[in-house]
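Visitor: I am attaching a structure below and will ask some questions about it afterwards.
The values are calculated or read from the model by the stated rules, or taken from the named source; none is laboratory data. Predicted, not measured: the structure shown is a model, and the values here were computed from it. We place every Cβ from the backbone using ideal geometry, glycine too, and count neighbours over all the protein chains shown. All accessible areas refer to the heavy atoms of the entire protein, side chains included, with ligands and DNA or RNA removed. Shrake-Rupley method; radii C 1.70, N 1.55, O 1.52, S 1.80 Å.
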Amino acid sequence: MRPLTALERLLLPLVRRFVTLWVRPSVLPDDVAARFLPGRPIVYVLEKRGLVDVAVLEFVCRERNLPLPLAPVGDGLLPAAVAFLERRAGWLGMRIDRRMPEALRTLTDKAATDLGFDAELVPVSLYWGRAPGREREWFRLLVAEGWDIGGRVRKALSLLVNGRNLLILFGEGVVLQPSLAETRGLPRGPRRLSRQLRAQFRNQRVATIGPDLSHRRTIVAQVLRTQAVRDAVRGEMKAKGSTRHDGLDVARRYAFEVAANYSHWFVTLMYGLLSRLWNRLYDGVELANFSSLESVAEGSEIVYVPCHRSHMDYLLLSYVVYHKGYAVPHIAAGINLNLPVVGSLLRRGGAFFLRRSFAGNALYSAVFLRYLGLMMARGHSIEYFVEGGRSRTGRLLKPKTGMLAMTVRSYLREPRLPLVFVPVYFGYERLVEGRTYIGELSGRPKEKESLASLVKVIPALRSRFGKVYVSFGEPLALDPLIERHAPGWGRVPAGTDDRPEWLSPLVRDVATRIMTRINAAACVTPINLIGLVLLGTPRQSLGESDLVRQLELYASLLRQAPYSPRVWVTAADGASMIRYGESLKVLRRQPHELGDVIFMTPEQSVLQTYFRNNALHLLLMPSLIACAFLSNPSVARDDLQRFARRVYPYVQEEYFLRWTEDELPGVVDELLEDLLNHGLLTSSEDHSLWQRPPVESSEAVQLSMLARVTVPILERYYLAISLLLKAGTGRLTEDALARQCQLMAQRMALLYDLNSPEFFDRAQFSNFVERLVERRVLSRSEDGRLEFDNAVLEGVATDAQVVLSEQLRNSILQVVHR
């Protein structure tokens, strides 16, 4: 294949001029020039031959001082430093000619005979209509990049319509001499090099626009042809006495119920619409730690596992990854969202649907598992929420491992691409569903999703919702974890044996690590800090100057002793945070001659518990240490360490904290030093004894307020233990205890004006009891009743006296004994 024909050389000056005036491409990576070694011949490889692509490449190379594509190579060895893997054939260029490029033969022959000739082949991909961060109108979709074959007319339209919406990717260069080490001088050398380049082009295209999903019916047909589905059909026939035709019809209906109907055209259209929606709803979409996603090796199967705060999560993550130049993931959505019209649109955006339970339906389970495995084997990124449903409290929920287990099983059957989980944290400053969540926590039944419920949300979209934060956690590769649970695994396909004994422990381990890494990528906003401060005051109010100091203290604690390197903390000062809270109508101001009082309304106080809980885990350990000084002017270091060891296992599991129990002593010492540096504690010379500041000092007040952040957690624990001690061993079941805890907590909320529905959330008490059982503080009798050693529980209750004031303990005991 010649670089340019006579006609193309004639047209080149005109195309160059138009490209210079019109085209404004985005180029990745930014440091492409640093990749080229001085003196080494460079040959650019384009996937498809085209004059426009050559002109654009030349334009980019001139701008960035790169070797030019139309310059000769090797003293006339090649007339131009560009090669094409494919060329268009036919009058309109709608057919593809994939014969071996003559340039590759020439280069490999030269490298085989001359070891000093070591050119580098650099694959360059051009994606028209796919520049990250560029909005586009609907008519641009007609010529946006996809997997279908486009001709000369479409390329001309792409230049006109998407000239300023173009992404150029420079791939990893292939150095000739090392690549020919095994095939030097052999006929298969050029073919092997060509396959290597084609594979790289395909991986780049998959990562940028997603894999070729062909037609939905084709995917369904492939699912139905798998052996596992055919075995399940035979089981269905045997169980129900139906014919093979009927069994396949049922399997086909299941497959169409599950399968997405992904459309590049629709996704690109929705990107433009969502850009306008976010601008209308939010003051900005802030990204943090995006380099975490960029660090995932090309050719890996990516599974996005975000926390679940809102229905907006589905749209937001797809928007962000598409905005940054990555393919939109397939999203696992509950069948409850498969509403008329809405379900069809979600499918086109990449959603596939699953039922809440697969129990008793082996055929549905087989169809879903094979569909999931097919998507993974084809390299399409996937997204699902490990929590299962949306958090109503703002904390991460206990993970539901069903989808995770199916992902691991599918991978074990066919470990084609290395699988990497990418945790994602969402942080909102206001929620569309906020009032609904509070109602559900207060006992109102969960509202079922419907078209009518969607219509009700529309008026709320006129409000201002502040900023939304998307933070990417540390990627989690599956292979090392499998190797840890099954040494010697070696990525051997499991075949039908995809449920080994070590599967369940592995899935639990993966789930816990994912949740921990989500929390380790949290974003701390002014709204989070306002909630942490004011919800720890008796009437959710504070003098303005005191509020400023406490806000700045919390922000400084998080910066000076960061919970993790990926945590982002607002740079605003206290006064700016207050102004921001007032602008979002979270805070109110009561003027006063001695200084304004800043407060929350009762309704806002309830709503703000959600946003406080988003960031509570970051201050949890400093707050627990501060609790030890609520009733004690001084505490020995050994007592602080003992208290931390006693409480940490329970808060670690409830809040998915990142430190192991072995790391805890070092963490406590580091946090004590941080509190010392902020003037909140003093210590003896050898740090064996720690003291709080004088009671009348402002630092003592700040320390007390810091402690109140976690007092409700300790109150819940003390309440559950007091109920157990009062009832006696072997008297209560887990359900009965959780129910009594919930009722007692509700009563406390009424008596002592604790306006926080999440304080009496039954799930929290159930999880605490479960953790007591796991740690063998409690045990279950044969009839399911809880048994315990009184001395052990009384020891725990005694520890509570160290951190809970006598007034608080008496309040809890008063409610319990009534």
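Visitor: So Pro399 ticks every box in (1) under 20 Å from Leu616 (Cβ atoms); (2) of a type outside the set (A, V, I, L, M, F, W, C); (3) open to solvent by less than 20 Å² (accessible area, probe 1.4 Å) but one. Which box is left unticked?
Guide: All conditions are met except number (3).
Visitor: Next question, about the same structure. Within the stretch 638-661, is there a residue that is without any contact (Cβ under 8 Å) to a residue 12 or more places away in the chain, part of a loop (DSSP other than H, G, I, E, B), among the charged types (D, E, K, R) and surrounded by fewer than 16 Cβ atoms within 10 Å (Cβ to Cβ)?
Guide: no
Visitor: Of all residues in the stretch 622-656, how many are of a type in the set (Gly, Ala, Ser) and under 12 Å from Gln691 (Cβ atoms)?
Guide: Here the count works out to 3.
Visitor: Going through Pro475, Pro538 one at a time, which residue ends up being within 26 Å of Glu387 (Cα to Cα) and of a type outside the set (Ser, Thr, Tyr)?
Guide: Checking each option against the conditions leaves just Pro475.
Visitor: Right, another one. Quick one: Val701 ticks every box in (1) within 30 Å of the chain's Cα centre (by Cα); (2) over 23 Å from Leu772 (Cβ atoms); (3) open to solvent by 30 Å² or more (accessible area, probe 1.4 Å) bar one, so which box is it?
Guide: Single failed check for Val701: (1).
Visitor: Looking at the stretch 263-282 only, could you name the residues that are over 21 Å from the mean Cα position of the chain (by Cα) and outside any helix (DSSP H, G or I)?
Guide: Across the stretch 263-282, the qualifying residue is only Ser263.
Visitor: Follow-up question, since we're still on this one. Restricting to the stretch 194-227, and then to whatever is buried (at least 20 other Cβ atoms within 10 Å of the Cβ) and outside any helix (DSSP H, G or I), can you tell me which residue is modelled with the highest pLDDT?
Guide: Here the answer is Gly210.
Visitor: When you go through Leu159, Leu176, Leu186 one by one, which is the residue that is modelled with pLDDT of 75 or more and crowded, with 19+ Cβ neighbours inside 10 Å?
Guide: Checking each option against the conditions leaves just Leu176.
Visitor: In this structure, does Leu706 turn out to be at pLDDT 95 or above, crowded, with 20+ Cβ neighbours inside 10 Å and not basic (Lys, Arg)? Steps first, please.
Guide: On the way: at pLDDT 95 or above: yes; crowded, with 20+ Cβ neighbours inside 10 Å: yes; not basic (Lys, Arg): yes.
Considered against the rule, which asks whether it is at pLDDT 95 or above, crowded, with 20+ Cβ neighbours inside 10 Å and not basic (Lys, Arg), Leu706 comes out as yes.
Visitor: Then there is this: Out of the residues in the stretch 474-518 meeting the condition of being among the hydroxyl-bearing types (Ser, Thr, Tyr) and assigned to a helix (DSSP H, G or I), tell me which one is modelled with the lowest pLDDT.
Guide: The selected residue is Ser504.
Visitor: Another question, then. Does Glu298 satisfy the criteria of being on the phi < 0 side of the Ramachandran plot, open to solvent by less than 10 Å² (accessible area, probe 1.4 Å) and not β-branched (Val, Ile, Thr)?
Guide: No: the conditions fail for Glu298.
Visitor: Being out of contact with any Lys or Arg (no Cβ under 9 Å at 6 or more places or on another chain), under 30 Å from Thr436 (Cα atoms) and buried (at least 16 other Cβ atoms within 10 Å of the Cβ) is the requirement here; does His264 meet it?
Guide: no
Visitor: Taking the stretch 1-35 on its own, how many of its residues are over 34 Å from the mean Cα position of the chain (by Cα) and not aliphatic (A, V, I, L, M)?
Guide: Total satisfying the criteria: 11.
Visitor: Could you count how many residues in the stretch 355-388 are open to solvent by 30 Å² or more (accessible area, probe 1.4 Å) and in contact with a strand residue (DSSP E or B) (Cβ under 7 Å, 6 or more places away or on another chain)?
Guide: 1
Visitor: Checking Ala745 against (1) at pLDDT 75 or above; (2) touching a helix residue (DSSP H, G or I) at 6+ places or on another chain (Cβ under 9 Å); (3) surrounded by fewer than 18 Cβ atoms within 10 Å (Cβ to Cβ); (4) small (Gly, Ala, Ser): exactly one of these is not met. Which one?
Guide: (3)
Visitor: With respect to Leu630, is the statement that it is among the hydrophobic types (A, V, I, L, M, F, W, C), assigned to a loop (DSSP other than H, G, I, E, B) and under 30 Å from Gln814 (Cβ atoms) true?
Guide: On the way: among the hydrophobic types (A, V, I, L, M, F, W, C): yes; assigned to a loop (DSSP other than H, G, I, E, B): yes; under 30 Å from Gln814 (Cβ atoms): yes.
Judged against the criteria, Leu630 is a match.
Visitor: Consider only pairs whose beta carbons are under 9 Å apart and that are at least six residues apart or on different chains; among these, list those whose first residue lies in the stretch 726-749 and is part of a strand (DSSP E or B) and whose second residue is modelled with pLDDT of 90 or more and not β-branched (Val, Ile, Thr).
Guide: Thr733/Arg780; Thr733/Arg785; Thr733/Leu786
Visitor: Can you tell which of Ser698, Ser684, Ser688 is touching a residue at least 24 places away in the same chain (Cβ under 8 Å), of a type in the set (Gly, Ala, Ser) and more than 24 Å from Gly543 (Cα to Cα)?
Guide: Ser688
Visitor: What's the total number of residues in the stretch 236-261 that are open to solvent by less than 30 Å² (accessible area, probe 1.4 Å) and outside any helix (DSSP H, G or I)?
Guide: Total meeting the criteria: 2.
Visitor: Here's another thing I want to ask about it. Can you find, within the stretch 518-541, the residue that is farthest from Glu699 (Cα to Cα) among those that are open to solvent by less than 30 Å² (accessible area, probe 1.4 Å), hydrophobic (A, V, I, L, M, F, W, C) and in contact with a helix residue (DSSP H, G or I) (Cβ under 7 Å, 6 or more places away or on another chain)?
Guide: Residue satisfying both the conditions and the ranking: Ala522.
Visitor: Something else: Are any residues in the stretch 344-354 more than 30 Å from Lys240 (Cα to Cα) and in contact with a strand residue (DSSP E or B) (Cβ under 7 Å, 6 or more places away or on another chain), and if so, which ones?
Guide: Selection gives Leu346, Gly350, Ala351.
Visitor: If you don't mind, there's one more thing I want to ask. What number goes with the only condition from (1) under 37 Å from the mean Cα position of the chain (by Cα); (2) in a helix (DSSP H, G or I); (3) in contact (Cβ under 8 Å) with a residue 24 or more places away in the chain that Gly666 does not pass?
Guide: (3)
Visitor: Are any of the residues in the stretch 228-235 open to solvent by 10 Å² or more (accessible area, probe 1.4 Å) and part of a loop (DSSP other than H, G, I, E, B)?
Guide: No, because not a single residue in the stretch 228-235 is open to solvent by 10 Å² or more (accessible area, probe 1.4 Å) and part of a loop (DSSP other than H, G, I, E, B).
Visitor: Which pairs turn up if I take residues in the stretch 269-291 that are within 17 Å of Pro306 (Cβ to Cβ) and acidic (Asp, Glu) and look for partners that are at pLDDT 85 or above and open to solvent by 20 Å² or more (accessible area, probe 1.4 Å) with beta carbon separation below 7 Å, at least 6 apart in sequence or on another chain?
Guide: Final answer for the pair search is Glu286/Lys467.
Visitor: Would you confirm, using the coordinates I've provided, whether Glu447 is at pLDDT 90 or above, open to solvent by 70 Å² or more (accessible area, probe 1.4 Å) and charged (D, E, K, R)?
Guide: When the stated conditions are applied, Glu447 does not pass them.
Visitor: Return a yes/no flag: does the stretch 725-733 have any residue that is open to solvent by 60 Å² or more (accessible area, probe 1.4 Å) and either touching a strand residue (DSSP E or B) at 6+ places or on another chain (Cβ under 6 Å) or small (Gly, Ala, Ser) (or both).
Guide: There is at least one residue in the stretch 725-733 that is open to solvent by 60 Å² or more (accessible area, probe 1.4 Å) and either touching a strand residue (DSSP E or B) at 6+ places or on another chain (Cβ under 6 Å) or small (Gly, Ala, Ser) (or both).
Visitor: Need pairs with beta-carbon distance below 9 Å; first residue open to solvent by 20 Å² or more (accessible area, probe 1.4 Å) and assigned to a helix (DSSP H, G or I) and within the stretch 795-809, second among the polar types (S, T, N, Q) and at pLDDT below 70; sequence gap 6+ or separate chains.
Guide: That search, which allows pairs on different chains as well, returns Arg809/Gln801.
Visitor: Would you pick out the residues in the stretch 780-791 that are farther than 21 Å from Val647 by Cβ and either surrounded by 17 or more Cβ atoms within 10 Å (Cβ to Cβ) or within 39 Å of the chain's Cα centre (by Cα) (or both)?
Guide: Arg780, Gly784, Arg785
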